[in-house]
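Data block below; observations after.
The values are calculated or read from the model by the stated rules, or taken from the named source; none is laboratory data. None of these values were measured; they are calculated from a predicted model. Here Cβ is always computed from backbone atoms with ideal geometry, including for glycine, and neighbour counts include all displayed protein chains. Only protein heavy atoms, including side chains, enter the accessible area calculation; ligands, DNA and RNA are left aside. Shrake-Rupley method; radii C 1.70, N 1.55, O 1.52, S 1.80 Å.
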Amino acid sequence: MNPEQQALENRRDAKACGEATDSSGTGNVLLERHGSYLRSLSDTQFMVINIRLIDRQTADSDDPLPRDWWGYNPEATPEQLWDHNRGIWSLSGSRIATERWAALNYQSRVILVAELQDPGYEILPDNRTGAPKKALIGRVLPAGHPVHEALIGTPVEYRRNPVSYDRDPDTRAAEDARQSESRDAPGAGGQGLQMDADVRKAIENAAQDRLMCYYRERGWTVTDTRQNRPYDAVAMRSGETIYLEAKGTQSKGETVIVTPNEVEHARQNPGLCMMGVWSGIRLLDGAVDPDEGDFTIFPFNPEERQLRPRAFDWTLPWSAS
């Protein structure tokens, strides 16, 4: 009997371990870069690297990026504008390290916003002088992103230097809202990051124990492997072996965070990995309330086409539209 058949067969109460719902099917795995949203911000000043563009220019044949043009091109996509204008500039590496956002402006208005990604820049030689200069590394923020909405179209004061650092108070409010959305909290749609180490450990241990107990109650021999394997436990019964992954969250559990190693292991062992998600967890005096929330078990089969390049958010099969 394969794990999916087992999941359907075990659609009943797990008395000692709490009630669980078994499901089957494959969910959507989405990448979201939570880690970058947790960089600390200055308490006194929040800056944006602004780069002023002029009309499209033809690049030198030995351009170091390389590129065949730079400047503002009305026919280019936002990604093309960024790729062709992220360098090369005279910038301070230490200054870039303290910044978070970069914006391209044309005719004194912001036309593109990007989030810098570690290490923030690469060093390239100026093809004309040989001097080392820098090209920023980042991703274009899409429409709807709170920082994009806060900056796009805003005026930029003209300066002789094409690169400037400008403060925008609105982005701090947007950032605060974004970080709030990314935290694991009751009522949120999907699992977020739990910043309290004690709470995080209590939730992880409770979800792990409940999942292992569920399978032990059904005659499986379960071994805890969470310390040194890309799965939390291995279960064996009658010659069958399956791998278990446990997730606990205070949210509704529409998505859960899975690591690249967890995804890779599941892809290497299709049909042999099961996910147990305890959503809606509540704590009483630091301990998980066993009577709160929902516990669901289903096959963990993330597909290649559902992965977008830190960790992934996996949309659970029953919540995928």
What nm value, rounded to one decimal, do you get for the distance between Arg282 and Arg218 when each label is placed 7 Å out toward the C-beta? 2.8 nm
Taking placed amide H atoms and a strict 5 Å upper bound, the residues 5 or more places from Ile137 or on another chain that come that close are Gln117, Gly120, Tyr121, Glu122
Out of the total accessible area of the range 59-125 (probe 1.4 Å, heavy atoms of protein only), what percent is carbon and sulfur? 48 percent
Let me see the pair-distance distribution of the range 249-309: every alpha carbon pair, 5 Å bin width, integer percents in order. 4, 16, 23, 19, 16, 11, 8, 3, 0
Binned Cα-Cα distances of the range 217-276, short to long, each 10 Å bin given as a whole percent: 21, 51, 26, 2
Translational diffusion coefficient (Stokes-Einstein; Kirkwood radius from C-alpha pairs) of the range 190-229 at 25 °C, 0.890 mPa s, in µm²/s: 211 µm²/s
If I model a spin label as a point 7 Å beyond the Cα along the Cα-Cβ vector, how far apart are those points for Trp69 and Glu292 in nm? 5.8 nm
Derived scalar couplings ³J(HN,Hα) [the range 87-99; Karplus, 6.51 cos²θ - 1.76 cosθ + 1.60; whole Hz; x for Gly, Pro]: x, 9, 9, 8, 10, 7, x, 5, 6, 4, 4, 8, 9
Under-5 Å amide H pairs with Gly71, H placed in peptide plane, nonlocal only: Gln57
Please report the net charge: other residues with Cβ closer than 13 Å to the Cβ of Asp198, K and R +1, D and E -1. -1
